[in-house]
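K.L.:
Below you will find the structure I want to go over with you.
The values are calculated or read from the model by the stated rules, or taken from the named source; none is laboratory data. All of these numbers come straight from a predicted model, not from anything done at the bench. Ideal geometry is used to build each Cβ from the backbone, glycine not excepted, and the neighbour counts take in all protein chains shown. Just so you know, the surface numbers come from the protein's heavy atoms only, side chains and all, with ligands and any DNA or RNA stripped out. Shrake-Rupley method; radii C 1.70, N 1.55, O 1.52, S 1.80 Å.
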Amino acid sequence: MEQNFCPECQTEMHWHDNHYHCEDCCKNWRKQAYCPDCAAQLEKLAACGAASYFCNQCNELKSKSRIRIEFVRAE
């Protein structure tokens, strides 16, 4: 299982109500993926237990190993 660490305090976060939650910071975060070629936000496609990422700007699938993941504050 993949671990997700808080971008502010580096504590492991937990999934809760459609976002990640850091208990040390008391902040909620969303995980977003960005295209390695054009930096647009990617759309996550999930099928048969596997996740793929699609860039609407480049109009193509992007390799999971190349994408850039960031955590942004959830509202």
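K.L.:
Hey, among 38, 48, 6, 55, which residue is within 15 Å of residue 74 (Cβ to Cβ) and of a type in the set (A, V, I, L, M, F, W, C)?
P.N.:
So the residue among 38, 48, 6, 55 that is within 15 Å of residue 74 (Cβ to Cβ) and of a type in the set (A, V, I, L, M, F, W, C) is 6.
So that you can scan it fast, the table gives a plain yes or no per residue for (1) surrounded by 10 or more Cβ atoms within 10 Å (Cβ to Cβ); (2) polar (S, T, N, Q):
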position	(1), (2)
3	no, yes
8	yes, no
27	yes, no
30	yes, no
47	no, no
55	yes, no
63	no, yes
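K.L.:
Take the residues in region 10-24 that are part of a strand (DSSP E or B) and open to solvent by less than 40 Å² (accessible area, probe 1.4 Å), then tell me which one is farthest from residue 68 (Cα to Cα).
P.N.:
Per the stated criteria, the residue is 22.
K.L.:
Run down 70, 75 and say which single residue is of a type in the set (Asp, Glu) and open to solvent by less than 90 Å² (accessible area, probe 1.4 Å).
P.N.:
70
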